[in-house]
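Contents: one structure, followed by commentary.
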Amino acid sequence: MIRLTINNIILWAILLGIFFIPFNSWSGIGFLGEYYRDSCFLFFSFAFVLTLFKKRIQIPLNNLIFQFLILFILWSFLATLLNAHNILDYYFKQTTGISRFINQFGSLIIASIIIPLTFYNGFKKININNIFRIIRKVILASLIIVFVYSIIEILIVKLNMVYLKKPLLNLFDYFPFTEAKTDMRLQRISSVTFEPPALGTYLLSIAGWMFSYVLTEKNKLKYLPLIIVLFLGFMSGSRAAFFAIIIQFMIAVIFFVKHKNLSKNIYKILLGFSAILLLTLAYFNKPITEYLKKEINSFKLDDSTHALSNKSRFGIQQAMFRVFIDHPISGTGYGLQAFESRKKYPVWAKKNNWEFRLKYLNQNDKRFPPGYNMYLRILSETGLIGLLLFGLIILQIFLWCYNNLKSENSIIAFIILISMIGFSLNWLKMDSFRIYFFWLCVALIWIIELRKNVTNG
C-alpha cells in the first residue's frame, strides 16, 4: 500500500501533469495568461505549492546549466532596464510596455525556474532509472489516448467518415481538458491538442522517450511507439515538426546501428522499412506525388493556399531581425520586441493579408503577434549577449549528452539528445519557453549531476 505523504502527492501531481501535457484543446482558464490552455500547468502548480509548503526547496546552484540560466534571466532583466526610456513610451494593443514586460518576464520565471525546480525536487530522491521508466510509461499511456483520438479524427477528416464524429469522437468531450473538434476545411489533425503545430511539438518532444523503447526492450512491440510517433507526425500536417521528427529518427537510427543488441537486426529492419516504402511508392505513386508537390508549394509566398501564413511568418521574422539590427547589444527588453517590430513589418507581408489587418496590427485585438522564431526573438529582445547566454545553455546540454552517452546514464542521455535536436529545430518556427519536456530534460540532468556529486563526496 502506497503511503499518502506530501512527497508522494507531489510525485503524483507531477506525473499527472506530464500525462496531460498534450491535452490543451479546451477553452482554458483566462486569467492564467499564456498558460490558460495548459492543463498540465494546474498539476505542476499544485506540486510547486506543496513543495513550498515543505519549506525545503533544493536548488542546483553548482550546476553550470543552472548558472547560465540564471545569467540569461538576469541579463533579460538588465536589458530591459537599459531600454527603460523607451519602455515608458510603449503602448500597443491596449497594453503598456511595463505591463507587457511584467507579464512576459513572469512567464519566463515560471517556465525556466519554477517548473524545472518542481521536477527537480519532486524526483531527486527517487532512483534515476526508476523515475525514467515511470515517466516513460506515463508518456506512453498519454500517447495511446492521443493515437486513438487521431485515428478516429483521420477517418473523419481524411476519409470523410463524418458519421463517426457523434458516436465516437464526441465521447472525448467527457475526457478532462479536451473538446472534440475536426478541421474539415484544411483536413489537418490536431488530436487532443488545440492545433496541428501543437500536436507536432508534442510528438517531437516525446520522440526520444518513445524511440528509447527500441534500446531497452526485447519484445517486437518495442518498435510500436516509434512507428506511432512517425505516423502521427506525418498525418499532423505540421511540416516543420515532421521534418524535425525525421531528423530525430535518422539520428536515433545511428544509435540503433551501434547498439550491440540491435546491430544484427537493424539492417533487416531498415531493409523491411525500405521494401514497404518502395511498395507504397509504387502502389500510391500518384497521390504521394501530388502530396509532395503540395508540401513543396506550401513554402511559396505566391501560392494561394499557403501564401498567407508564410507571408505572416516570414514578415514577422524579418521585422524582428530589423529590430535586432537597431538594438544589437541589449535588444528592446524582454518580451517587448512587438512594440518595435510592428513598425518594421515589410510591405510585401502586409499586402492583402488579413492576419496583419485583423490580428497583428489590430489595436482592438489584445493578443500580441507571435515571433515564430525563438532565436530571432532573443536577438531582438536581449541582443547578442542574450543569444550568447541562451546558446551556452543549449551547448552545455548537448555537451552533457555527449559525455554521458557511454555512461550508466546512456539511455537518458540518448533521450535528452534526441529531444534537444527536436527542440532546437522547433524553435526555428516558434518562440515560446513553455516547452515542458525541455525543462523536464534539464531537471533530469540536474538530478543526475547531483547524484554524481553525492557519490564523489
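The values are calculated or read from the model by the stated rules, or taken from the named source; none is laboratory data. Remember, predicted model here, so these are calculated numbers, not experimental data. We place every Cβ from the backbone using ideal geometry, glycine too, and count neighbours over all the protein chains shown.
A few points about this structure:
- Output for the range 322-341, where each listed residue is part of a helix (DSSP H, G or I), within 25 Å of the chain's Cα centre (by Cα) and not hydroxyl-bearing (S, T, Y): F324, Q337, A338
- Test: residue in the range 94-108 that is hydroxyl-bearing (S, T, Y) and free of Cβ contacts under 8 Å to residues at least 60 places away in the same chain: yes
- Residue check for I126: surrounded by 18 or more Cβ atoms within 10 Å (Cβ to Cβ) and either basic (K, R) or over 30 Å from K343 (Cβ atoms) (or both): no
- Matching residues, the range 59-94, being more than 30 Å from F123 (Cβ to Cβ) and either surrounded by 17 or more Cβ atoms within 10 Å (Cβ to Cβ) or among the aliphatic types (A, V, I, L, M) (or both): L78, A79, T80, L81, L82, N83, A84, I87, L88, Y90, F92, K93
- Residue check for D38: acidic (D, E) and under 22 Å from the mean Cα position of the chain (by Cα): yes
- Number of the condition not met by M430 [criteria: (1) under 22 Å from I14 (Cβ atoms); (2) within 15 Å of the chain's Cα centre (by Cα)]: (1)
- Residue match in the range 434-444 (condition: buried (at least 23 other Cβ atoms within 10 Å of the Cβ), modelled with pLDDT under 95 and either of a type in the set (F, W, Y) or not in a loop (DSSP other than H, G, I, E, B) (or both)): no
- I385 falls short of the stated requirement of being in a helix (DSSP H, G or I), within 19 Å of the chain's Cα centre (by Cα) and crowded, with 17+ Cβ neighbours inside 10 Å.
- I156 being without any contact (Cβ under 8 Å) to a residue 40 or more places away in the chain, in a helix (DSSP H, G or I) and under 30 Å from E340 (Cα atoms): no
- Some residue of the range 164-172 being surrounded by 18 or more Cβ atoms within 10 Å (Cβ to Cβ), of a type outside the set (F, W, Y), at positive phi and more than 23 Å from the chain's Cα centre (by Cα): no
- Filter pass, I415 being of a type in the set (A, V, I, L, M), closer than 29 Å to N103 by Cβ, touching a residue at least 12 places away in the same chain (Cβ under 8 Å) and surrounded by 18 or more Cβ atoms within 10 Å (Cβ to Cβ): no
- For the range 104-141, the candidate set comprises residues that are of a type in the set (D, E, K, R) and part of a helix (DSSP H, G or I); within that set, the residue that is farthest from the chain's Cα centre (by Cα) is R133.
- Enumeration of residues in the range 345-365 that are over 18 Å from D431 (Cβ atoms) and under 26 Å from the mean Cα position of the chain (by Cα): D365
- Near pairs, Cβ below 6 angstrom, 6+ apart or cross-chain, from the range 177-189 (within 12 Å of S25 (Cβ to Cβ)) to any residue that is loosely packed, with under 15 Cβ neighbours inside 10 Å and of a type outside the set (V, I, T): A180/N170; A180/D173
- Checking the range 348-363 against the condition returns no match, with no residue being surrounded by fewer than 21 Cβ atoms within 10 Å (Cβ to Cβ), acidic (D, E) and under 30 Å from I131 (Cα atoms).
- The residue of the range 166-191 that is modelled with the lowest pLDDT, among those that are among the charged types (D, E, K, R) and under 25 Å from V229 (Cβ atoms), is D183.
- Meets criteria (touching a strand residue (DSSP E or B) at 6+ places or on another chain (Cβ under 8 Å), under 19 Å from A338 (Cβ atoms) and of a type outside the set (A, V, I, L, M)) for G97: yes
- Residue ID - surrounded by the most Cβ atoms within 10 Å (Cβ to Cβ), chosen from residues in the range 195-216 that are over 14 Å from G237 (Cα atoms) and within 19 Å of the chain's Cα centre (by Cα): A207
- The range 296-319, residues that are farther than 13 Å from A349 by Cβ and either surrounded by 17 or more Cβ atoms within 10 Å (Cβ to Cβ) or at pLDDT 70 or above (or both): H306
- Within the range 320-333, restricting attention to residues that are within 21 Å of K351 (Cα to Cα) and of a type in the set (A, V, I, L, M, F, W, C), the residue that is surrounded by the fewest Cβ atoms within 10 Å (Cβ to Cβ) is F321.
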